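Everything on this sheet refers to the single structure shown next.
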Amino acid sequence: MRKNFAQILKETNIDIKEEYQKLLEIFLGQYYYEISENFLDIYFRGTCITLEEFNRKYDFNFGYDTVDVNIDFFIRFCEYFYNMMNALQIAGRSSYFYYNPVFVTDLILKIIESIGYERVPRDNVFIFVEKSSAAVSVAEILPTELSYNVISYNHYSMKGDLEEKKATILQLANLLEAKRELLQKENKELEKDLFYLFNNFNIRHNNIDPKLKGKYRKHVANMSSDELEQWYDETYQMCLLAFLEIEHADRKKKFDQVKECIENE
């Protein structure tokens, strides 16, 4: 059974509220003014000309009075602080404060890695996503344009975004369609269940419109958004497993060949 986040925090002795307060103290006490003064050198600022405008536009609001420091809020703050520090380094704005930018970025990475997250580049900035050896392994064998979507599927910004999740699953479904025969050979039950999900859970087809005879699935139509999202997440995990099964088929051939050589010595 997969561990929930509370279990991971307990095992690693990480208090995200304490870590948030520590990083926030460094941010507000050491760097807010410097970032504000050099904001025009922040390469991802878009059309914003002040830090205050940037924060308002993207709803960045971090302070000591924050009560609900949950994991999504904490990761959002870490991404914000990390990318600001990285941008200062790229712009060549050295700091003479006690906590230099390199120390801060290394500290943030150390914290997010200790709670099971990793850094992933996206459009010249970085996001932090839950580590998944399966997702990384599958991303390495997929086309470049899809590998990022696979890794970032569990990013906090994707929670509740059924359309974005469905879009990723559809891309995976299209790739698996071409490999369906091989998957069926390797794992018939997985192939059967996975394509049932593709075709009956409002992914490939509109299964929630009662006017579409033959496609309508009343049970799926009556699911809450949360329940349907859970099934999308299960489908995503099964897609990863399917790609790993397919990859193993080629590995198995190589293994059988070397095994035969050893046994026939």
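Please go through the range 61-141 and write out the chymotrypsin sites (Phe, Trp or Tyr not before Pro) that DSSP classes as loop and that have at most 15 other C-beta atoms within 10 Å.
Sites meeting the loop and neighbour criteria: Tyr64, Tyr96, Phe97, Tyr98.
Restricting to DSSP loop positions (anything but H, G, I, E, B) with no more than 16 other Cβ atoms inside 10 Å of their own Cβ, which GluC sites (Glu not before Pro) remain in the range 110-197?
Filter output for the range 110-197: Glu140.
If one takes the longest principal axis of the Cα atoms in the chain, at what angle in degrees, from 0 to 90 and to the nearest 10, does the Cα axis of helix 71-90 lie?
Long axis of 71-90 versus the principal axis of the chain: about 60 degrees.
At 1.002 mPa s and 20 °C, plugging the Kirkwood radius over alpha-carbon pairs of the range 31-166 into Stokes-Einstein gives what diffusion coefficient in µm²/s?
131
What is the ratio of the Cα radius of gyration of the range 162-233 to 2.2 N^0.38 Å, where N is its residue count, to two decimals?
Rg over 2.2 N^0.38 Å, computed on Cα atoms: 1.14.
Please sort by residue number the trypsin sites (Lys or Arg not before Pro) in the range 162-242 whose DSSP state is loop and whose Cβ has at most 10 other Cβ atoms within 10 Å. Mind dumping the intermediate values first?
Values: sites: Lys165, Lys166, Lys179, Arg180, Lys185, Lys188, Lys192, Arg204, Lys211, Lys213, Lys215, Arg217, Lys218; in loops: Lys179, Arg204, Lys211, Lys213, Lys215, Arg217.
Counting only loop positions with at most 10 other Cβ atoms within 10 Å, the trypsin sites (Lys or Arg not before Pro) in the range 162-242 are Lys211, Lys213.
Between Leu241 and Met223, with labels modelled 7 Å along Cα→Cβ, what's the label distance in nm to one decimal, could you check?
Each label point lies 7 Å from its Cα, and together they span 1.6 nm.
Sum up the charges of everything whose Cβ sits under 15 Å from the Cβ of Phe201, counting Lys and Arg as +1 and Asp and Glu as -1, but leave Phe201 out.
That sum, taken over residues with Cβ under 15 Å, equals -1.
For the chain, what is the charge dipole size about the Cα centre, in debye to the nearest 20, if Lys and Arg each add +1 at the Cβ and Asp and Glu each add -1 at the Cβ?
That gives a dipole near 840 debye.
Calculated FRET efficiency, Asp65 and Asn124, Cβ-Cβ r, R0 30 Å, to nearest 0.05? All intermediate terms of the calculation are to be shown ahead of the outcome.
Details: r = 32 Å, r/R0 = 1.07.
The value I calculate is 0.40.
Taking the Cβ-Cβ separation of Glu145 and Glu263 as r and a Förster radius of 45 Å, what is the calculated FRET efficiency to the nearest 0.05?
Result of the calculation: an efficiency of 0.55.
Any idea how far apart Lys254 and Tyr196 come out in nm if each label point goes 7 Å out from Cα toward Cβ?
Taking the two extended label points, one gets 3.4 nm.
Along the positive direction of the dipole of the chain (beta-carbon charges: Lys, Arg +1; Asp, Glu -1; about the Cα centre), which of Ser36, Leu170, Asn83 reaches farthest?
Final value for the positive-end residue is Leu170.
For the chain, restrict the atom set to alpha-carbon positions and state the Rg and Dmax in Å.
Rg, Dmax (Cα atoms, Å): 22.9, 73.
Quick one: helix 101-114 against the long Cα principal axis of the chain, what's the angle to the nearest 10°, folded into 0 to 90?
40
FYI, it's all coordinate maths here, none of it is from the lab. Note that the structure is predicted; figures quoted are calculated from it, not measured. Please note: Cβ atoms are built from the backbone with ideal geometry, for glycine as well, and neighbour counts cover all protein chains shown.
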